[in-house]
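Visitor: One structure is given below, represented as structure tokens, and several questions about it will come after.
The values are calculated or read from the model by the stated rules, or taken from the named source; none is laboratory data. Source: prediction; values computed, not measured. Cβ placement follows ideal geometry from the backbone for every residue including glycine, while neighbour counts extend to all protein chains displayed. What goes into the accessible areas is simple: the full protein's heavy atoms, side chains included, and nothing from ligands, DNA or RNA. Shrake-Rupley method; radii C 1.70, N 1.55, O 1.52, S 1.80 Å.
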Amino acid sequence: MLLVAVIFDVVTSRKSGKYKRWRWEAVMLYIGIDLGTSAVKLLLMDEEGHIKNEISREYPLEFPRPGWSQQNPEDWKNAVLGGIPDLLASFDKSQVAGIGAGGQMHGLVVLDENDRVIRPAILWNDGRTARQTDYLNKEIGRETLSKYTGNIAFAGFTAPKILWMKENEPELYAAIAKIMLPKDYLVYRMTGVHATDYSDASGMLLLDVEHKCWSKEMCEICGVKEEWLAHLYESWQFVGTLKPDAAAALGLPESVKVCAGAGDNAAAAVGTGTVGKGHCNISLGTSGTVFISSEKFGVDATNGLHAFAHADGGWHLMGCMLSAASCNKWWMDDILKVTDKDYPAEQAPITRDKLGRNKVFFLPYLMGERSPINDTDARGTLIGLSMDTTRADITQAVLEGVAFAIRDSVETARSIGVEIPRSNICGGGAKSPLWCTIMANVLGIPLDILVTEQGPGYGGALLAMVCCGKYATVQEATNALVHVSRTIEPDAELTALYEERYQKFKQIYPTCKPLFKELAK
């Protein structure tokens, strides 16, 4: 199906008066890739920002030991190579101009000199590197790490994973020729270019984020040869066109441009218009994030928030919790065994009069926690149960626990003078009106829901548009194409009730922390 735009011009001629001129122009299409933890989501977008088609392809997730999380990168590649032809089945493939990807961050993908994947990718939510993380933070030192990278070590970051490989899999470590992040593996298979962007590289703990270059000191500390690392790009920059074999597999012209793309949170921020100075986006996906864009580089005193480069060419502060919507999924699917994933039915008994009055609290640390506590030993906890506790009370506690943990990161940002008067909200969890209402009142700020909210995939497609020259800057693209649908305003009475509940929530983790460490032994 050929998509065309008809441009009608009316021109005044001195001799003949007014006459009509028709000009036919092809409407170009752009593919956005969202490489998630459980599935890849692909979308096709036109020049007006309209989504023409979407598909999803799932792949397995391995948990070989408690707290470990890994995947086979070939599953990602096969999902994309098989999915894009289906995405384009009813469209003229010659109209595709560019591809942009947003992907799960921090994952360690290692290739040997023959371009073969050496081992399953160790993912962002993997907790096996507690010892290596402690070594970096305590022996190398938080101040030193922050000086070199702008960040301290978290168990999910890439550098501790490399140290873990070096100590536990020396033969595989010795075979490393290239280190990649998940979405960069897709870009490499499509273009043959070993590339990464600044936003995704920021989460490796190998990048000097402020100066946007690899840190020689961190490479030396972690035993990383700089030739193993990718060439660095801004997210919208052109990396390459499709290799002949990739073009044939995808059914696309070899002329299709591929941009560097972005880490999933930065790509989602682009997709929600969270670019430029002082904008905020909250994402309730598998993980949960608070993303605050900035034109300047900055670090909070505790390093509780990540100080990363942004996909718009600037920087951002980000708080990341490891389990957000996945907490609700765990409770609904694994514990309650909800039929047909009817989550709204489970939330229906939680009426407005119950908000802010729940006696049950939930710590959402099912996979340990990153921001702002940075504790791999922390675990999910229900407290306040009694004989009259209902199923709905615990469901409500799960939703509220995630909201309280998000506020922990917001409060860290506020502690260094960052003002957050309002925020966008996106992700699977944001599809719940109840959860959005809870979140707005826990934070005490208006939350904007967007007309189109497709997360990293939409951001990836916008980056591809900039790469192909449709827009000059990321800011220009988001100004034109990202719009607010509705706003959830906080209620003063509910906000006051949740303030009281939050102050009690804040006491639970410090009380349980010594016990978590003992249980981890």
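Visitor: When region 280-315 is examined, which residues are found to be open to solvent by less than 10 Å² (accessible area, probe 1.4 Å), part of a strand (DSSP E or B) and closer than 22 Å to residue 196 by Cα?
Guide: Within region 280-315, 289, 291, 293, 306, 307, 308, 309 qualify.
Visitor: Still on this structure, please answer the following. Mind listing just one residue for me: the one in region 72-97 that is free of Cβ contacts under 8 Å to residues at least 40 places away in the same chain and outside any loop (DSSP other than H, G, I, E, B) and, of those, farthest from the chain's Cα centre (by Cα)?
Guide: 86
Visitor: Further, regarding this structure: Based on what the data block shows, is residue 125 in a helix (DSSP H, G or I), among the polar types (S, T, N, Q), open to solvent by 10 Å² or more (accessible area, probe 1.4 Å) and in contact (Cβ under 8 Å) with a residue 12 or more places away in the chain?
Guide: For residue 125, the condition - in a helix (DSSP H, G or I), among the polar types (S, T, N, Q), open to solvent by 10 Å² or more (accessible area, probe 1.4 Å) and in contact (Cβ under 8 Å) with a residue 12 or more places away in the chain - is not met.
Visitor: If I ask for residues that are basic (Lys, Arg) and either within 18 Å of residue 352 (Cα to Cα) or part of a helix (DSSP H, G or I) (or both), which ones from region 485-521 would you list?
Guide: 501, 504, 506, 513, 517
Visitor: Ok, one more. I'd like to check something: does region 466-475 contain any residue that is at pLDDT 95 or above, β-branched (Val, Ile, Thr), under 23 Å from residue 296 (Cα atoms) and crowded, with 18+ Cβ neighbours inside 10 Å?
Guide: yes
Visitor: What's the number of the condition residue 344 fails, among (1) open to solvent by less than 20 Å² (accessible area, probe 1.4 Å); (2) outside any loop (DSSP other than H, G, I, E, B); (3) touching a residue at least 60 places away in the same chain (Cβ under 8 Å)?
Guide: Residue 344 satisfies all of (1) open to solvent by less than 20 Å² (accessible area, probe 1.4 Å); (2) outside any loop (DSSP other than H, G, I, E, B); (3) touching a residue at least 60 places away in the same chain (Cβ under 8 Å) except (1).
Visitor: Next question. Determine if region 389-403 includes at least one residue that is at pLDDT below 95 and either in a loop (DSSP other than H, G, I, E, B) or within 19 Å of the chain's Cα centre (by Cα) (or both).
Guide: There is no residue in region 389-403 that is at pLDDT below 95 and either in a loop (DSSP other than H, G, I, E, B) or within 19 Å of the chain's Cα centre (by Cα) (or both).
Visitor: So which residues in region 98-120 are among the aliphatic types (A, V, I, L, M), within 22 Å of the chain's Cα centre (by Cα) and assigned to a loop (DSSP other than H, G, I, E, B), if there are any at all?
Guide: Scanning region 98-120 gives a single hit, 105.
Visitor: Let me ask you something else. Among the residues of region 40-63, is any surrounded by 19 or more Cβ atoms within 10 Å (Cβ to Cβ), in contact (Cβ under 8 Å) with a residue 60 or more places away in the chain and acidic (Asp, Glu)?
Guide: yes
Visitor: Looking at region 413-452, which of the residues that are touching a Ser or Thr at 6+ places or on another chain (Cβ under 7 Å) and in contact (Cβ under 8 Å) with a residue 60 or more places away in the chain is surrounded by the most Cβ atoms within 10 Å (Cβ to Cβ)?
Guide: Filtering first and then ranking leaves 426.
Visitor: Looking at the structure I just gave you, is residue 85 surrounded by 18 or more Cβ atoms within 10 Å (Cβ to Cβ) and within 30 Å of residue 118 (Cα to Cα)?
Guide: When the stated conditions are applied, residue 85 does not pass them.
Visitor: While we're looking at this one, here's another question. Name the residue, out of 301, 307, 378, that is of a type in the set (Gly, Ala, Ser) and modelled with pLDDT of 95 or more.
Guide: From the options 301, 307, 378, the qualifying one is 378.
Visitor: Among the residues of region 121-138, are any touching a Ser or Thr at 6+ places or on another chain (Cβ under 7 Å) and under 30 Å from residue 51 (Cβ atoms)?
Guide: Within region 121-138, one or more residues are touching a Ser or Thr at 6+ places or on another chain (Cβ under 7 Å) and under 30 Å from residue 51 (Cβ atoms).
Visitor: Out of the residues in region 257-279 that are surrounded by fewer than 24 Cβ atoms within 10 Å (Cβ to Cβ) and at pLDDT 90 or above, which is farthest from residue 425 (Cα to Cα)?
Guide: Here the answer is 257.
Visitor: If you check 497, 462, which single one turns out to be at pLDDT 95 or above and over 20 Å from the mean Cα position of the chain (by Cα)?
Guide: The match here is 497.
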